[in-house]
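Note sheet for the following structure.
Quick note: the coordinates plus some simple rules give every number you see, no bench work behind them. In this text, all values refer to a predicted model and were calculated from it rather than measured experimentally. Here the Cβ positions follow ideal geometry from the backbone for every residue, glycine too, while neighbour counts run over all protein chains shown.
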Amino acid sequence: MTTVIDAALVGDSHASIMIKSGEATGLEFKRAIAAASPNFVGAEFVTGQDGRVDFQLSQLRRDDGFYGADRTERFARKAAKLNVLFRQAFALKLPIYANVGMTAIHFVRDITTAAQANGQDGTLISAKIARATAEDYIADYLQFYQTLVRMAPRVTCVFGPTRFLPENRHIWMAYDGVISERLTGMGIRILDLRGRFGDDRMLLDPRYYKSPNDDLVHANDQWGLEMIEAIRQDMTEATSGMALAHKT
């Protein structure tokens, strides 16, 4: 028997783990909108004169000279599928749960690698500098979420798995803090489950590591299933709260 969660889940490979884990146990979102993270980096929604909103890849993902024709064609096909799903979610007025930009792994790698390229120790980057850099790093994500807020009745963001190296924790947390503050300022709720799945430092509990062949980035199917169950509970509580508010 399948239980449908009356919401859309929008996200990257971590969202894909949630979707597959839920489907294996009969839990499905009304719309599941997931793709590898490069599909969302620099992506935007464009509103035409007819008012229709279309999802578009960043210009870079459409550059044959950079990626090659075969890869840009794959990006284009995926974008077309995402566009259809977004249109459906918007038309159905579904609340949205999203994790786009909510995992700091790429930011941490980019900022520390850049420091190392300049002969510096990336782990010595201060939290203050990390926060300032994160402000610029998330600009495209904020534009993406502005459209979600405009088109959906409610948007809630969830973090991906926190899998930092101990020496990089302050950089990871700086990113999480910045994106949380900016999204909250846009009226987006943050369903913060990092403590539930991690230790007192927010680091993902080893029982959620993938086994075998852990990639040090993703979490396992158990994490995905428990995330889905937490979202389902949050949906139930949010719906009950709105119903109560309507009665009063």
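For region 1-126, the residue among 90, 123, 108 whose Cα projects farthest onto the positive side of the dipole built from Cβ charges is 90. Of all lysines in the structure, the ones whose alpha carbon falls short of 26 Å from that of residue 81, not counting any fewer than 8 places away in one chain, are 20, 30, 93.
Placing unit charges on C-beta atoms (Lys and Arg positive, Asp and Glu negative, everything else neutral), compute the dipole magnitude of region 77-163 about its Cα centre in debye, rounded to 20. Don't skip to the end; give the middle numbers.
On the way: 11 positive and 5 negative charges, 119 e Å.
I would put it at about 560 debye.
Per the Debye formula on identical point scatterers at the alpha carbon atoms of region 169-232, with no solvent, log10 I(q)/I(0) at q = 0.12, 0.13, 0.26 Å⁻¹ is -0.37, -0.43, -1.19.
Taking every pair of Cα atoms in the chain, average 1/r, invert it to obtain the Kirkwood radius, and report Rg/Rh to two decimals. With Rg and the Kirkwood Rh in hand, the quotient comes to 0.97.
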